[in-house]
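**Q** The structure follows.
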Amino acid sequence: MRIKYYIIIVGTVVLVSLLGSCRKALFGDDVASDDYVAIFDILWDDFDRHYAPFEVRGVNWDSLYTVYRPKVSPTMGKDSLFNVFSSMLDHLDDLHVWISGQDENRYYSFNSGYLKRYMTCWWWDCWIWETGNIPSSFDWSLYLDYNIRCAKIAKRNIGYIYIGQMYNYNINLIDSAFEKVWDMDALIIDVRTNGGGNVEYSERIAGHISDNTDTVIISQFRNGRLHSSFSEPFYHTNPKYGKEQFTKPIVLLTNQLTGSAAEWFTLAAKTYKHVTHIGDTTAGAFSCISSVRMLPNGWTYRYPIQKVSNIYYLFFRHLCTHWIFIN
């Protein structure tokens, strides 16, 4: 899984360096940058051949072709073409799908399903943290780091760890966070608005609270022309980390922008008997993602190449909880 994240960066460098001189090798045909009809077909066909969770998400990709292909014409502008692509890809409702590009007049960017999730979650990330309106019931004397924020419930022996992302900080801070809350009677782990990152981080967090070393996640890679063509299952276990694990009661909080590696952690944690998952549904962006793809007009995009299930082979559009408000 981690290898795929590195491929994104490598793939971008390779494709950008080759685009000018090797357009025909990259796209199979010598497609002009303003041949919008051909570009639409390239995008649609690439998703058709490689996007993994069509069936999980209940999307009829052929029917979307019949709807959106007639909207593309040789005389349309770039803005109109991007709007067609965005509207079609939004049906996937998948945060691991994006398309972007840039010219002298505009930067184009679209992330499938992001806007509606953001509108339900903005208050937590933008209001509480950015304005400093931290709940007064929290004692922040245990504060550790911006990305991993430790606290305790005032006048209660209950710990709190907020994990903002799964990358770009010293992974050993995770160990420090659990040391700070080790003597608590219970723990709240908050991964609301955590967009994910590196699975190594989610595995480390899960390893600190694991109560077993059994299989916690099953994944399969798209490997054929049919939307139902997948590899044999990969069984992912989550080894325990550290000498001891925190197996006292834990509440795990999520919202609709909890995604990717944060959802892998959530999926693993839901198998632990001492963990209760509450909050809002998660984003549903579990999969490894493709290398960055490039269209003849220079726009780039990506998509998930894998479907992910729990140990009962139940595949999810998102992880469900019962919703409550926590002050």
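**Q** What residue, among those in region 276-303 that are outside any loop (DSSP other than H, G, I, E, B) and at pLDDT 95 or above, is surrounded by the most Cβ atoms within 10 Å (Cβ to Cβ)? Quick ask: steps written out before the conclusion?
**A** At the first step, the residues of region 276-303 found to be outside any loop (DSSP other than H, G, I, E, B) are 276-279, 289, 293-294, 300-302.
Those still in the list that are at pLDDT 95 or above too: 293-294, 300-302.
Details: 293: 20, 294: 22, 300: 18, 301: 20, 302: 18.
Among those residues, the one meeting the criterion is 294.
**Q** Residue 232 fails exactly one of the following numbered conditions: (1) under 30 Å from residue 51 (Cα atoms); (2) part of a loop (DSSP other than H, G, I, E, B); (3) modelled with pLDDT under 95. What is the number of that condition?
**A** So the condition that residue 232 fails would be (3).
**Q** Another question about this same structure. If you go through region 123-150, how many residues are at pLDDT below 75 and of a type in the set (Phe, Trp, Tyr)?
**A** Residues flagged as at pLDDT below 75 and of a type in the set (Phe, Trp, Tyr) within region 123-150 amount to 4.
**Q** Within the bounds of region 181-190, is there any residue that is in contact with a helix residue (DSSP H, G or I) (Cβ under 6 Å, 6 or more places away or on another chain) and in contact (Cβ under 8 Å) with a residue 12 or more places away in the chain?
**A** Residues of region 181-190 that are in contact with a helix residue (DSSP H, G or I) (Cβ under 6 Å, 6 or more places away or on another chain), as a first pass: none.
No, there is no match, as no residue in region 181-190 is in contact with a helix residue (DSSP H, G or I) (Cβ under 6 Å, 6 or more places away or on another chain) and in contact (Cβ under 8 Å) with a residue 12 or more places away in the chain.
**Q** In region 195-229, which residues are in a loop (DSSP other than H, G, I, E, B), of a type outside the set (A, V, I, L, M) and over 18 Å from residue 172 (Cα atoms)? I'd like the intermediate steps shown before the answer.
**A** Restricting attention to region 195-229, the residues satisfying the condition of being in a loop (DSSP other than H, G, I, E, B) are 195-196, 198, 210-214, 223-229.
Subset that is of a type outside the set (A, V, I, L, M): 195-196, 198, 210-214, 223-225, 227-229.
Matches in region 195-229: 195, 211, 212, 213, 214, 223, 224, 225, 227, 228, 229.
**Q** Please work out which residue is nearest to residue 58 (Cα to Cα), limiting yourself to region 77-99 and to residues that are outside any helix (DSSP H, G or I) and among the β-branched types (Val, Ile, Thr). Give the derivation first.
**A** From region 77-99, those outside any helix (DSSP H, G or I) are 77, 91-99; that's our starting set.
Next, only the ones that are among the β-branched types (Val, Ile, Thr) stay: 97, 99.
Details: 97: 16, 99: 21 Å.
Taking the candidates together, the pick is 97.
**Q** Out of all the residues in region 74-89, which are loosely packed, with under 11 Cβ neighbours inside 10 Å and polar (S, T, N, Q)?
**A** Within region 74-89, 75 is the sole residue that qualifies.
**Q** Looking at region 207-229 only, could you name the residues that are of a type in the set (A, V, I, L, M) and at pLDDT 95 or above? Steps first, answer last, please.
**A** Let us first name the residues in region 207-229 that are of a type in the set (A, V, I, L, M), namely 209, 216-218, 226.
Those that are of a type in the set (A, V, I, L, M) and at pLDDT 95 or above: 209, 226.
**Q** Where residues in region 151-171 are among the charged types (D, E, K, R) and surrounded by fewer than 16 Cβ atoms within 10 Å (Cβ to Cβ), which of them is modelled with the lowest pLDDT? Outline the logic, then answer.
**A** Of all residues in region 151-171, those among the charged types (D, E, K, R) come to 152, 155-156.
From the residues that got through so far, the ones that are surrounded by fewer than 16 Cβ atoms within 10 Å (Cβ to Cβ) too are 155-156.
Numbers: 155: 83, 156: 89.
The residue in question is 155.
**Q** Only residues that are loosely packed, with under 12 Cβ neighbours inside 10 Å and not hydroxyl-bearing (Ser, Thr, Tyr): list them for region 90-109, please. Show your work before the answer.
**A** Of all residues in region 90-109, those loosely packed, with under 12 Cβ neighbours inside 10 Å come to 103-107.
The answer is 103, 104, 105, 106.
**Q** Against the conditions (1) within 22 Å of the chain's Cα centre (by Cα); (2) of a type in the set (A, V, I, L, M); (3) surrounded by fewer than 16 Cβ atoms within 10 Å (Cβ to Cβ), where does residue 199 fall short? Just the number, please.
**A** Every listed condition holds for residue 199 apart from (3).
**Q** So, one more: Output yes when any residue across region 235-251 is in contact with a Ser or Thr (Cβ under 8 Å, 6 or more places away or on another chain), surrounded by 23 or more Cβ atoms within 10 Å (Cβ to Cβ) and either of a type in the set (S, T, N, Q) or closer than 25 Å to residue 55 by Cβ (or both), and no when none is.
**A** Going residue by residue through region 235-251, those that are in contact with a Ser or Thr (Cβ under 8 Å, 6 or more places away or on another chain) are 235-241, 245, 249-251.
Those still in the list that are surrounded by 23 or more Cβ atoms within 10 Å (Cβ to Cβ) too: 238.
If we keep only those that are either of a type in the set (S, T, N, Q) or closer than 25 Å to residue 55 by Cβ (or both) too, we end up with 238.
Within region 235-251, one or more residues are in contact with a Ser or Thr (Cβ under 8 Å, 6 or more places away or on another chain), surrounded by 23 or more Cβ atoms within 10 Å (Cβ to Cβ) and either of a type in the set (S, T, N, Q) or closer than 25 Å to residue 55 by Cβ (or both).
The values are calculated or read from the model by the stated rules, or taken from the named source; none is laboratory data. Not measured: the values here are computed from a predicted model. Cβ atoms come from the backbone with ideal geometry, glycine included; neighbour counts cover every protein chain shown.
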